[in-house]
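Working notes, structure below.
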Amino acid sequence: ARRWNVSAALLAAQLMAELDGAPPPDLARDAAAALHEAGRRALAREANRVARTTFLRALELEPTPERRYLAALAARRLDELPAVAREREVVRGEAEHSGNNRLHGRALTALSDVALMRDADVERARELVEQALEVLDPTDSASRFEALEARSWIGWWTGRLTESEPYIRDALAAAQEVGRKDLEAGALDLLANTHRAR
């Protein structure tokens, strides 16, 4: 029944948009929520192109910073760095304005990644990720993991592996705090590679 309701809401919203130019707000909200959940499921199974399209459709119906963040996350997984830079900058501004430190910090971390991976601007990347670590709640271990891991990569880029290690160890502790074995494994792998490279 739930699947039928989701399909019906999406179809109704599409038809209303075609007929009247925009669906009623309640219908748009229901359809956007259904698309949001579908996008999260697509991200979880690494169907990143589907996730990207789905979140963009949800944004058209009911824009939220969280949906914009998730659309940009799918774009990052697809290596669409120009889109990531544009969209995460919007998320950063919206989150900062609304006081959403979690999204603000995550957007800063993502912008740090873009500065490093697209622009090779190590100093800008360091500045952004350090801002993220200041903004993020110390108890938000999953978000802090992302920022700490990003900060550790800066040491790799500059060839200062001893600088990276404390951040990797902090990222490992954050992964353990939230019980994320996938993140823990990634941190351990990065720590092992750091020791091997040194």
Does Arg88 satisfy being at pLDDT below 95 and buried (at least 24 other Cβ atoms within 10 Å of the Cβ)? yes
Determine the pairs where a residue that is closer than 17 Å to Glu46 by Cα and of a type in the set (D, E, K, R), located within the stretch 66-89, has a partner that is assigned to a loop (DSSP other than H, G, I, E, B) and at pLDDT 90 or above with Cβ atoms under 9 Å apart, the partner being 6 or more residues away or on another chain. Arg77/Glu46
Taking Arg40 and the conditions (1) in contact (Cβ under 8 Å) with a residue 24 or more places away in the chain; (2) open to solvent by less than 40 Å² (accessible area, probe 1.4 Å), which numbered condition does it fall short on, given that it satisfies the others? (2)
I'd like the full set of residues that are surrounded by 24 or more Cβ atoms within 10 Å (Cβ to Cβ) and of a type in the set (A, V, I, L, M, F, W, C), limited to the stretch 137-149. Phe145, Ala147, Leu148
Selection from the stretch 95-127 of residues under 15 Å from the mean Cα position of the chain (by Cα) and closer than 20 Å to Ala83 by Cβ yields Ala95, Leu103, His104, Arg106, Ala107, Leu108, Thr109, Ala110, Leu111, Ser112, Asp113, Val114
Quick one: Thr158 ticks every box in (1) open to solvent by 30 Å² or more (accessible area, probe 1.4 Å); (2) farther than 24 Å from Leu81 by Cα; (3) over 22 Å from the mean Cα position of the chain (by Cα) except a single one, so which number is it? (2)
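The values are calculated or read from the model by the stated rules, or taken from the named source; none is laboratory data. Everything quoted here is computed from the prediction, not taken from an experiment. No Cβ is skipped: glycine too gets one built from the backbone with ideal geometry, and neighbour counts run over all protein chains shown. These accessible areas exclude ligands, DNA and RNA; they are computed on the full protein's heavy atoms, side chains included. Shrake-Rupley method; radii C 1.70, N 1.55, O 1.52, S 1.80 Å.
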